[in-house]
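Trainee: Before we start, here is the structure in question, set down as structure tokens.
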Amino acid sequence: MYRMPVPLLSLLLPALSLHAAEPIRLHPENPHYFDFRGKPAVLLTSAEHYGAVLNGAFDYRKYLDTLAKDGLNMTRIFTGVYREVPGDFGIRFNTLAPKDEDYVSPYAKSSSGKYDLTQWNPAYFTRLKDFIAQASQRGIVVEVTLFCTYYNDRMWRLSPHYDPAIPNTEVLTLKHSKLTEAQLAFTRKIVTELREFDNIYYELVNEPYIAGVTLEFQALISRTIVETESALGVRHLIAQNIANHQKLVENPDPRVGLFNFHYARPPVAVTQNFHLDKAIGLDETGFDGTLDFIYRIQAWDFLLAGGAHYNNLDYSFAPGHEDGALPVGGDQPGGGSPELRKQLGILHQFLSRFQFLKMKPDPAQPVRTLSEPGKQYAVYLHHGKVMADHRPRYLVETKRRTTDFTLTLPPGAYTMQWWNPKTGPVGQPETFTQTTGTKQFTTPQYTEDIALAIHAR
């Protein structure tokens, strides 16, 4: 059975980890990106399946060490009112499916053995706050997903909020006042407990477009966050999960600053919603096989389309494998590996070479390009595509090749550097002087994908 150790240092960590800076927010100079601790930021990770806090068998300190070592700066957690059982969605070693004795609920149990929604579980909130504090010390931002759609009645029965009179399709609606009151009290409790952390933001509901979740429910949760934090004198960013793949956001909730999509490849969702001047995230991947290059390509393609964050769902993490070295078998619904995380770290390094606040997607170019015209260009070529009626749907051509392409460039003097997304910079930087309006480039030999960084001298 799980018992939460509470050494004195652990109790002090939340206070020790706090920063004077305000919480992560949209950057005031360019709200398509983030401002975190006074610096422009994109969020990039390959993270476990959201059970790090609610699963007492999971060593989250070792897990967070792994992310930090690989140069990643984000993770995502579910709060504990939703969980799964082994085998759900075909996932082996699912962190979101703890053994009953390892499940850490936000609520205490009554003498009858049922969860008492008027009594909080102190061990849960100690674990939650220590997780956030440990992430903070490592510069990792945590997406705190408050609720998740209940995909079927069996999943609903696992929840501390379970009421046998309420079907799973009516849980995240406003149809049942007693349940709604419990959900609002839970929201206020989480927001109050985490009020002082600068490395969190809240997502309202995971995949609310499934199983009857209403926009009215989501709006009430976002309003409750804002009202609770207003009284506390703090303000955290709020995210909303919009759709799988793509969707035009219409009548956006004004309290929401980040719109999340799942399986958003190609990154049409960014282009569709760029006019909102808010951050756009790719928050979950999978169902495209287990090969690393599939999810590496999706990360590069999304962020160089103007996305603000990328979160690969990484199945190489499990209890006892918090170093992310568990081999991902071909029957898993997604990928993940130490090598993939290193490659995503290279993407982070590539983006850090640019003043990306000044850059925008450049649709006039024939290849994926972020640019500040005449000053800096981030260019990406890949050979992945979605195939209709094919499993896996996302296929990548892997033959070795060179590619010719032409960019529109104003006259001037430039430095260029090729990047291999698997290993980093290729060769030495080159210089060139541009005298006309276009320039042809020929890539070095590569497989799968290649990138190019161009800066004005």
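No lab work stands behind these numbers, since they all come straight from the coordinates. Fair warning: this is a prediction, and the values are worked out from it, not measured in the lab. Cβ placement follows ideal geometry from the backbone for every residue including glycine, while neighbour counts extend to all protein chains displayed.
Trainee: Counting only residues 5 or more places away or on other chains, whose amide H sits under 5 Å from the amide H of LYS109 once H atoms are built in the peptide plane?
Mentor: Excluding prolines and chain starts, which carry no amide H, the hits are ASP116.
Trainee: Can I ask one more? Sort HIS309, HIS348 so that the residue with the fewest other Cβ atoms within 10 Å of its own Cβ comes first and the one with the most comes last.
Mentor: Values: HIS309 27, HIS348 19.
Starting with the residue having the fewest Cβ neighbours, the order is HIS348, HIS309.
Trainee: Quick one: what are the phi-derived ³J(HN,Hα) couplings along segment 104-116, Karplus 6.51/-1.76/1.60 with θ = phi - 60°, whole Hz, x for glycine and proline?
Mentor: Coupling constants for segment 104-116: 9, 8, x, 10, 7, 9, 7, 5, 7, x, 8, 6, 9 Hz.
Trainee: Once you sort the root eigenvalues of the Cα gyration tensor of segment 161-229 as a ≥ b ≥ c, which label holds: rounded (a/c under 1.5), prolate (a/b larger than b/c) or oblate (the other case)? Mind dumping the intermediate values first?
Mentor: On the way: a/c = 2.23, a/b = 1.71, b/c = 1.30.
Note, shape of segment 161-229 comes out prolate.
Trainee: A further question follows. Whose amide H sits under 5 Å from the amide H of TYR82, counting only residues 5 or more places off or on another chain, with H placed in the peptide plane?
Mentor: Residues meeting the criterion, in which the H sits 1.01 Å from N, do not exist here.
Trainee: A further question on this structure: Residue by residue through segment 252-269, which ³J(HN,Hα) values in whole Hz follow from phi under the Karplus form 6.51 cos²θ - 1.76 cosθ + 1.60 (θ = phi - 60°), with glycine and proline marked x?
Mentor: With the stated coefficients, segment 252-269 comes to x, 5, x, 7, 8, x, 10, 10, 9, 10, 10, 6, 8, 9, x, x, 4, 4 Hz.
Trainee: Determine, for each peptide in 231-238, 122-129, 395-402, the mean count of other beta carbons within 10 angstrom over its residues, then list the peptides with the highest first. Walk me through the numbers on the way to the answer.
Mentor: Details: 231-238: 15.6, 122-129: 19.8, 395-402: 12.0.
Highest to lowest by the protection proxy: 122-129, 231-238, 395-402.
Trainee: In which sequence would MET387, MET155 go, from the one with the fewest C-beta neighbours within 10 Å to the one with the most?
Mentor: MET387, MET155
Trainee: Pull up the cross-link candidates among the lysines for LYS69, meaning alpha carbon to alpha carbon under 19 Å and not fewer than 8 places away within one chain.
Mentor: Result set, ordered by chain and number: LYS342, LYS422.
Trainee: Related question: Quick one: Cα centre-to-centre distance for segment 303-319 and segment 401-415, in angstrom?
Mentor: 30 Å
Trainee: Could you let me know the centre-to-centre spacing of segment 69-85 and segment 88-137, using Cα atoms, in angstrom?
Mentor: A separation of 13 Å, based on Cα centres.
Trainee: Using each residue's phi in segment 373-390, evaluate 6.51 cos²θ - 1.76 cosθ + 1.60 at θ = phi - 60° and report the 3J(HN,Hα) Karplus result to the nearest Hz, with x for Gly and Pro.
Mentor: Result, rounded to whole Hz: x, x, 10, 7, 9, 10, 10, 9, 10, 8, 10, x, 7, 7, 10, 6, 6, 9.
Trainee: Using amide H atoms built 1.01 Å from N in the peptide plane, name the residues 5+ places from THR403, or on other chains, whose amide H lies under 5 Å from its own.
Mentor: Under 5 Å from the amide H of THR403: THR443.
Trainee: Another one. Excluding residues fewer than 8 places away in the same chain, name every one of the lysines whose C-alpha is closer than 22 Å to that of LYS109.
Mentor: List returned: LYS99, LYS129, LYS178, LYS189.
Trainee: Let me ask you something else. Per residue, what volume in Å³ does the convex hull of the Cα atoms of the chain enclose?
Mentor: On the way: hull volume 66.3 nm³, N = 457.
Normalising the Cα hull of the chain by residue number yields 145 Å³.
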